Amino acid sequence: MTVWSAAGQRAIQRCDTLGAAPYSEAEGQLFRRFLTPAHAHAIEAVGGWMREAGLTTHIDPIGNLVGRSKAARDAPALLIGSHIDSVHNAGRYDGPLGVMIGIECAAALARRASPLPFAIEVIAFGDEEGSRFPLSMMGSRALTVPLGEEALEQTDGDGVSVAEALRAFGLDPAEVPAAVRPPGQIIAYVEPHIEQGPVLEAAGLPVGVVTGIAGQVRLIVRFTGEAGHAGTTPMRLRRDPIAAAAECVLAIEQICAAGPADLVGTVGRILPSSAAFNVIAGRVEMGVDVRAANDPTRDTAVEAISREIAAIAARRGVAVGLERAQTLPASPCDPHLVALMEDAVGAVGVSPLRLVSGAGHDAMIMAALAPTAMLFIRCAGGVSHNPAESATPEDADIACRALLAFIERLAADFKGFAP
Ligand code: HGY
Ligand code: MN
Ligand code: MN
C-alpha cells in the first residue's frame with residue numbers, strides 16, 4: 001500500500017469516527033453544533049490527530065481548532081481547513097474531510113527534505129453551517145473582523161446566547177476580537193471539500209477545481225393571520241398564514257426555476273405558531289435561501305420573491321414582515337491559485353475540471369483576509385446534508401496528492417509575503 005492510499009483511508013476513517021457519539025448530539029445520527037459538548041469532543045479527537053501529524057495545536061478565542069507546523073513564529077502561513085460543525089442529521093464528510101486532508105498533507109510535508117518558505121496551519125472551524133445560531137460562518141468571520149455585541153448576543157433555540165455558549169465552552173467572549181488574524185499572517189486559504197453536487201460524478205472525475213462560490217441571501221418571512229377553529233371557520237373568512245406560506249413556497253420555486261441554471265431558491269423551514277389538526281395557526285415563520293453564481297442575478301430574484309410574497313399576503317389578508325437575515329456575496333477564488341490548483345490536479349493524472357460551488361463555504365469569508373482556492377472531491381450521487389453522503393478513500397487519496405502538488409507549486413512560486 002503506497003503511503004498515499006493510507007492517507008486517503010485514514011482521512012475517510014477519521015470522518016467516520018467523528019460521525020457518531022460522543023461527537024454527535026443526537027442518538028443514531030450526526031448533529032454537531034457550535035460550542036456543544038459534541039464539538040468539544042471533536043476538538044479533542046481532531047487535536048490529537050493534528051499533534052500526531054507534528055502540528056502544535058491551540059483553540060482560538062471563538063472556538064476554532066488550529067494546528068501549526070514547526071516554523072519560525074512570525075512565518076506567514078498557508079491555511080488549510082474547513083468546518084467540523086454539521087447540519088441536523090448530516091453526512092460525515094461535509095467539512096471534516098477537508099480538515100483530515102489538511103492533516104494528511106501537513107504530516108507528509110513534515111517529512112519533506114527541505115522546509116517550506118511558509119508555515120502550514122490546519123484549521124477546523126467551529127461554526128460554518130449556522131445550525132445553532134442565526135448567523136452562520138462565525139468561525140471564519142471571527143478571523144476577519146471582530147465579532148461585535150450583536151453577534152455575541154444572538155440566541156439559539158433554547159435562548160442561550162453565543163456569549164453564554166462561549167463561557168460554557170471555557171472561552172471568554174471578551175477575547176473574541178483577539179481571534180482576528182492580522183494581514184500578513186496568512187498567504188492563502190485553501191479548502192478541500194466534497195462537491196455536494198453531481199458534476200464530478202457525471203464527469204467521472206475524483207476531484208475538481210473550484211473557480212468561485214455562489215452568493216447567498218437568507219430571508220426570514222413572518223406571516224400573521226388569525227388563529228381559529230378548524231371546524232367552525234368558513235373558508236372565505238380565513239386569514240390562514242400556513243396557506244399563505246404554502247402559496248409563497250410555490251411562487252419562489254417558479255421564480256427561481258424560470259431563472260438561469262445557477263439560480264436556486266429553497267424554503268427549508270416553516271415554523272407555525274401551533275401544530276394541531278383542529279387549529280388554524282395564527283403565525284408562521286418561514287426561512288428562504290436564495291443563491292446564484294453572481295450577485296445581480298441573486299438580488300433580482302430576491303426582489304421578485306419579496307414582491308410576490310407581499311402580493312400573496314395582501315390577497316389573503318395576512319400581515320407579513322420580511323427580514324434579510326444574511327447576505328453572503330458571491331466569492332471568486334484567486335485566479336492565480338486556481339491555475340496552480342489546475343496544474344496540480346493535472347500533475348496527479350486527473351483532467352482538471354473547473355466548476356462553481358453552489359454550496360457556501362468558509363472560503364467565501366476568508367477571501368476578505370487572503371487569496372482563496374478550493375479543491376472539490378466527488379461524492380456519491382452529489383448527495384449531501386444527508387446521512388447517505390459518501391466519499392471514497394481512493395478519491396480522498398487523490399485529493400491529498402493534488403493538494404500536496406498545489407502546495408509544492410505555491411512554495412516554488414513564493415517570493416515572500418507582501419502584506
Ligand atoms: O449552506 C451551505 O451551502 C453550506 O452547507 N453551509
Ligand atoms: Mn460544508
Ligand atoms: Mn454544509
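The values are calculated or read from the model by the stated rules, or taken from the named source; none is laboratory data. Please read all numbers here as calculations on a predicted model, not as lab measurements. Counting neighbours? That spans all protein chains shown, and the Cβs are built from the backbone with ideal geometry, glycine included.
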Got at least one residue in the range 366-382 being touching a residue at least 24 places away in the same chain (Cβ under 8 Å), within 14 Å of ligand 3 (Cβ to nearest atom), more than 30 Å from residue 147 (Cβ to Cβ) and surrounded by fewer than 24 Cβ atoms within 10 Å (Cβ to Cβ)?
-> yes
Of (1) within 16 Å of ligand 3 (Cβ to nearest atom); (2) out of contact with any strand residue (DSSP E or B) (no Cβ under 8 Å at 6 or more places or on another chain), residue 126 satisfies every one except (2)
When you look at residue 374, is it within 16 Å of ligand 2 (Cβ to nearest atom), closer than 30 Å to residue 182 by Cα and out of contact with any Asp or Glu (no Cβ under 9 Å at 6 or more places or on another chain), yes or no?
-> no
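How many residues does the range 183-212 contain that are in contact (Cβ under 8 Å) with a residue 40 or more places away in the chain, in a loop (DSSP other than H, G, I, E, B) and away from ligand 2 (no atom under 16 Å from the Cβ)?
Restricting attention to the range 183-212, the residues satisfying the condition of being in contact (Cβ under 8 Å) with a residue 40 or more places away in the chain are 183-201, 203, 205-212.
Still in the list and also in a loop (DSSP other than H, G, I, E, B): 183-185, 195-198, 205-206.
With the extra rule that they be away from ligand 2 (no atom under 16 Å from the Cβ), the set shrinks to 183-185, 198, 205-206.
Selection size over the range 183-212: 6.
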Given (1) buried (at least 24 other Cβ atoms within 10 Å of the Cβ); (2) within 16 Å of ligand 3 (Cβ to nearest atom); (3) not basic (Lys, Arg), number of the condition residue 133 does not satisfy = (1)
Would you confirm whether any residue within the range 42-62 is touching a Phe, Trp or Tyr at 6+ places or on another chain (Cβ under 7 Å) and more than 18 Å from residue 104 (Cβ to Cβ)?
-> no
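Closer than 20 Å to residue 96 by Cα and either modelled with pLDDT of 95 or more or surrounded by 17 or more Cβ atoms within 10 Å (Cβ to Cβ) (or both) - does that describe any residue in the range 301-324?
The first filter runs over the range 301-324 and keeps only residues closer than 20 Å to residue 96 by Cα, leaving none.
No: the range 301-324 contains no residue that is closer than 20 Å to residue 96 by Cα and either modelled with pLDDT of 95 or more or surrounded by 17 or more Cβ atoms within 10 Å (Cβ to Cβ) (or both).
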Considering each residue of the range 63-112, count those that are more than 16 Å from ligand 3 (Cβ to nearest atom), among the acidic types (Asp, Glu) and touching a residue at least 24 places away in the same chain (Cβ under 8 Å), and give that number.
-> 1
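Conditions (1) under 20 Å from residue 137 (Cβ atoms); (2) surrounded by 24 or more Cβ atoms within 10 Å (Cβ to Cβ); (3) more than 16 Å from the chain's Cα centre (by Cα); (4) within 16 Å of ligand 1 (Cβ to nearest atom), marked per residue:
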{"residue": "61", "(1), (2), (3), (4)": "yes, no, yes, no"}
{"residue": "68", "(1), (2), (3), (4)": "no, no, yes, no"}
{"residue": "72", "(1), (2), (3), (4)": "no, no, yes, no"}
{"residue": "85", "(1), (2), (3), (4)": "yes, yes, no, yes"}
{"residue": "97", "(1), (2), (3), (4)": "yes, yes, no, yes"}
Quick one: which strands (runs of 3 or more DSSP E) sit completely within the range 317-419 and have at least 1 residues that are within 22 Å of residue 105 (Cα to Cα) and more than 16 Å from ligand 1 (Cβ to nearest atom)?
-> 372-377
Output yes when any residue across the range 229-242 is under 18 Å from residue 364 (Cβ atoms) and either of a type in the set (Val, Ile, Thr) or part of a strand (DSSP E or B) (or both), and no when none is.
-> no
